[in-house]
Amino acid sequence: MLGTLYGIGVGPGDPELLTLKAVKVLKQVAHVFAASSSNNDYSLAHHIVRDHLSPDTPLDQLAFPMTFNSERLEDAWQANCEKVVEILRQGKNVAFLTLGDPLTFSTFIYLMRKIKSRLPEVVVTVIPGVTSFQAAAACAGLPLGEGEEAITIISGAKGADRLKEVVSVADNVVLMKTYKQFPQILSQIRESGLEDRCCFVSRCGLEGEIVERDFERLSAMGQPHYLSLMIIKKRGIES
């Protein structure tokens, strides 16, 4: 029999935002995997859950390159998929840790698809997690949606082109992954006349947390930490 694959959302960074259900599953699984960048071997997701893992539970970090190169990504997906499949075939339950929520802009989505293509009969159970934008809104004291407002969540990993599309129809916009294309994103916000309607949040709930509403200060900022996002409200941001 195959083991069960658990996708566990560990929240945005603050260990106290880990759910009780996630803790329960982590104490029961036989093997844990966590994603890390190919450039380093640190995993924030592992750091968040480490106090809830049994000392004898193996944990492997799966390296994923921070690139849009499809060939390099495919090689990484395939290699990491095989590592997880090997444990599942031993009948062991496996947990894959992901920041935020497993089904929201997460590495787990692609890994799950790869594993399902190799093991169509495998059982996959998803443990939802607190998303970074939920935590950021709470940190900044900004309602994400009220009444009949529409909320749009987009990625800024490739720039701000999608922002231009959605600001005409959404009341509130969450722009995820703002770190790589930060200057371009700020330029698009200025072009759209949204300077006084945005709030930048970085490292929410962690040391070095930043909540900034002043657009000129944002413009003078260097490249932000990768745990950064922007909340834009067409009604405006109250200080």
*Can you give me the ranges of the helices (runs of 4 or more DSSP H) entirely in segment 4-113 with at least 2 residues that are closer than 30 Å to Gln181 by Cβ and of a type outside the set (A, V, I, L, M)?*
44-49, 70-88
*Out of the residues in segment 187-213 that are out of contact with any strand residue (DSSP E or B) (no Cβ under 9 Å at 6 or more places or on another chain) and not hydroxyl-bearing (Ser, Thr, Tyr), state the one that is nearest to Ala160 (Cα to Cα).*
Gln188
*Output yes when any residue across segment 201-220 is without any contact (Cβ under 8 Å) to a residue 12 or more places away in the chain, in the same structural domain as Pro143 (by TED's automatic domain parsing), on the phi < 0 side of the Ramachandran plot and under 22 Å from the mean Cα position of the chain (by Cα), and no when none is.*
yes
*May I ask you to verify whether Val167 is in contact with a Leu (Cβ under 8 Å, 6 or more places away or on another chain) and not hydroxyl-bearing (Ser, Thr, Tyr)?*
yes
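Do we find that Glu216 is among the acidic types (Asp, Glu), closer than 22 Å to Pro12 by Cα and surrounded by fewer than 19 Cβ atoms within 10 Å (Cβ to Cβ) in this structure? Please lay out each step first, then the result.
Details: among the acidic types (Asp, Glu): yes; closer than 22 Å to Pro12 by Cα: no; surrounded by fewer than 19 Cβ atoms within 10 Å (Cβ to Cβ): yes.
Judged against the criteria, Glu216 is not a match.
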_Pairs where the first residue, in segment 173-188, is basic (Lys, Arg) and the second is not in a strand (DSSP E or B), C-beta under 7 Å, 6+ apart_ = Lys177/Gly156; Lys177/Ala157; Lys180/Ala157
*asked:* For the condition in contact with a Pro (Cβ under 6 Å, 6 or more places away or on another chain) and surrounded by fewer than 18 Cβ atoms within 10 Å (Cβ to Cβ), what is the one hit in Arg89, Arg72?
replied: Arg72
*Considering residues of segment 144-156 that are in contact (Cβ under 8 Å) with a residue 40 or more places away in the chain and assigned to a loop (DSSP other than H, G, I, E, B) only, the residue surrounded by the most Cβ atoms within 10 Å (Cβ to Cβ)*: Gly156
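For segment 98-127, enumerate the residues that are within 9 Å of Gly9 (Cα to Cα) and either among the β-branched types (Val, Ile, Thr) or not assigned by TED's automatic domain parsing to the domain that holds Thr57 (or both).
Keep residues of segment 98-127 that are within 9 Å of Gly9 (Cα to Cα), which gives 98-103, 126-127.
Answer for segment 98-127, where residues must be within 9 Å of Gly9 (Cα to Cα) and either among the β-branched types (Val, Ile, Thr) or not assigned by TED's automatic domain parsing to the domain that holds Thr57 (or both): Thr98, Val126, Ile127.
Can you tell me which residues in segment 129-188 are of a type in the set (D, E, K, R) and under 24 Å from Phe108 (Cα atoms)? Full working, then the answer.
First, the residues of segment 129-188 that are of a type in the set (D, E, K, R): 146, 148-149, 158, 161-162, 164-165, 171, 177, 180.
Lys158, Arg162, Lys177, Lys180, listed by residue number.
Here are Ser168, Ser155, Ser132, Ser187: which of them is farther than 20 Å from Leu2 by Cβ and touching a Gly at 6+ places or on another chain (Cβ under 7 Å)?
Numbers: Ser168 fails: touching a Gly at 6+ places or on another chain (Cβ under 7 Å); Ser155 fails: touching a Gly at 6+ places or on another chain (Cβ under 7 Å); Ser187 fails: touching a Gly at 6+ places or on another chain (Cβ under 7 Å).
Only one candidate passes the filter, namely Ser132.
When you go through Ala95, Ala45, Ala136 one by one, which is the residue that is of a type outside the set (S, T, N, Q), outside the structural domain of Val25 (by TED's automatic domain parsing) and buried (at least 21 other Cβ atoms within 10 Å of the Cβ)? Please lay out each step first, then the result.
On the way: Ala95 fails: outside the structural domain of Val25 (by TED's automatic domain parsing); Ala45 fails: outside the structural domain of Val25 (by TED's automatic domain parsing).
The unique qualifying residue is Ala136.
The values are calculated or read from the model by the stated rules, or taken from the named source; none is laboratory data. Owing to the predicted nature of the structure, the values given are computational and were not obtained by experimental measurement. Reconstructed Cβ throughout: ideal geometry from the backbone, glycine too, with neighbour counts over all protein chains shown.
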